[in-house]
1. Based on what the data block shows, is PHE122 in the same structural domain as THR59 (by TED's automatic domain parsing) and either aliphatic (A, V, I, L, M) or closer than 23 Å to GLY95 by Cβ (or both)?
2. From the list LYS151, LYS160, pick out the single residue that is surrounded by fewer than 15 Cβ atoms within 10 Å (Cβ to Cβ), farther than 18 Å from GLU85 by Cα and among the charged types (D, E, K, R).
3. Check whether at least one residue in segment 102-118 is within 17 Å of the chain's Cα centre (by Cα), assigned to a strand (DSSP E or B) and not hydrophobic (A, V, I, L, M, F, W, C), and report yes or no.
4. Kindly list, by first and then second residue, each pair from a residue in segment 83-108 that is closer than 16 Å to LEU145 by Cβ to a residue that is away from the ligand (no atom under 16 Å from the Cβ) and of a type in the set (Lys, Arg), limited to pairs with Cβ atoms under 6 Å and residues at least 6 apart or on different chains.
5. Please go through segment 111-136 and give me each residue that is surrounded by 14 or more Cβ atoms within 10 Å (Cβ to Cβ) and within 8 Å of the ligand (Cβ to nearest atom), ordered by number.
6. Can you say whether GLN96 is more than 24 Å from LYS60 (Cβ to Cβ) and modelled with pLDDT under 95, as far as the supplied structure shows?
7. Out of everything in segment 78-110 that is among the hydroxyl-bearing types (Ser, Thr, Tyr) and away from the ligand (no atom under 16 Å from the Cβ), what residue ends up being nearest to ALA131 (Cα to Cα)?
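The values are calculated or read from the model by the stated rules, or taken from the named source; none is laboratory data. Worth saying up front: this structure is predicted, and the values here are computed from it rather than measured. As a convention, Cβ positions derive from the backbone with ideal geometry for all residues, glycine included, and neighbour counts pool all protein chains shown.
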Amino acid sequence: MSESDKEGKEVGRRNFMKMTIVGIGGLITAAFGIPAVAYVMGPALKQSVGEWIQLGSVTKVETGIPTLFKTVIQTQTGWITTDEEFSVYVLTEDGQNYVAMSNVCTHLGCRVRWVADQNGFFCPCHNGAFAKDGTVTGGPPPRPLDRFESKVENDILFVKRG
Ligand code: FES
């Protein structure tokens, strides 16, 4: 075996060792690094927004009258988890299709309430008024009540916060 053949084999072995060490180093880095990044970033990315929220039995909703559903949901902001009361008015005119509306006034965020005598929603903060479908009928609110996507499964109402 010539001197250059020996040198070529030696270089090949060195390259193989380098590649093996780099490969093992990469695997170790991935094994520790990926879970560590997931641990650090996970809570910051986790939110309840976009999940279906169970409201209750659809039989509670009277035809033509907005019905208030209240539930408590957990929201996570960064590493802080808080319980938040979540209220939704649900309206149906035919017992088949349901409209889920926020009870938060679109002016400055006060809670609206259904006033049956006036057949509309009323906001006590600045006398905002909304029709039963959530459209603005008076006062300063700039837009209708926000709506949520809704669905009914086995007679249970669900809404999704956007
Ligand atoms: S917050 Fe509702 S009218 Fe101002």
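1. Numbers: in the same structural domain as THR59 (by TED's automatic domain parsing): yes; either aliphatic (A, V, I, L, M) or closer than 23 Å to GLY95 by Cβ (or both): no.
No, not satisfied.
2. On the way: LYS160 fails: farther than 18 Å from GLU85 by Cα.
Testing whether each residue is surrounded by fewer than 15 Cβ atoms within 10 Å (Cβ to Cβ), farther than 18 Å from GLU85 by Cα and among the charged types (D, E, K, R) leaves just LYS151.
3. Yes - at least one qualifying residue is present in segment 102-118.
4. SER87/LYS70; MET101/ARG147
5. Within segment 111-136, VAL112, CYS123, CYS125, GLY128 qualify.
6. no
7. In the first step, residues of segment 78-110 are kept if they are among the hydroxyl-bearing types (Ser, Thr, Tyr); the result is 81-82, 87, 89, 92, 98, 102, 106.
Those still in the list that are away from the ligand (no atom under 16 Å from the Cβ) too: 81-82, 92, 98.
On the way: THR81: 35, THR82: 32, THR92: 14, TYR98: 16 Å.
Residue satisfying both the conditions and the ranking: THR92.
This table checks each residue for (1) among the hydroxyl-bearing types (Ser, Thr, Tyr); (2) at pLDDT 95 or above; (3) more than 22 Å from ILE53 (Cβ to Cβ).
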{"position": "ILE65", "(1), (2), (3)": "no, yes, no"}
{"position": "GLN74", "(1), (2), (3)": "no, no, no"}
{"position": "THR77", "(1), (2), (3)": "yes, no, no"}
{"position": "THR135", "(1), (2), (3)": "yes, yes, yes"}
{"position": "GLY138", "(1), (2), (3)": "no, yes, yes"}
{"position": "ASP146", "(1), (2), (3)": "no, yes, no"}
{"position": "ARG161", "(1), (2), (3)": "no, no, no"}
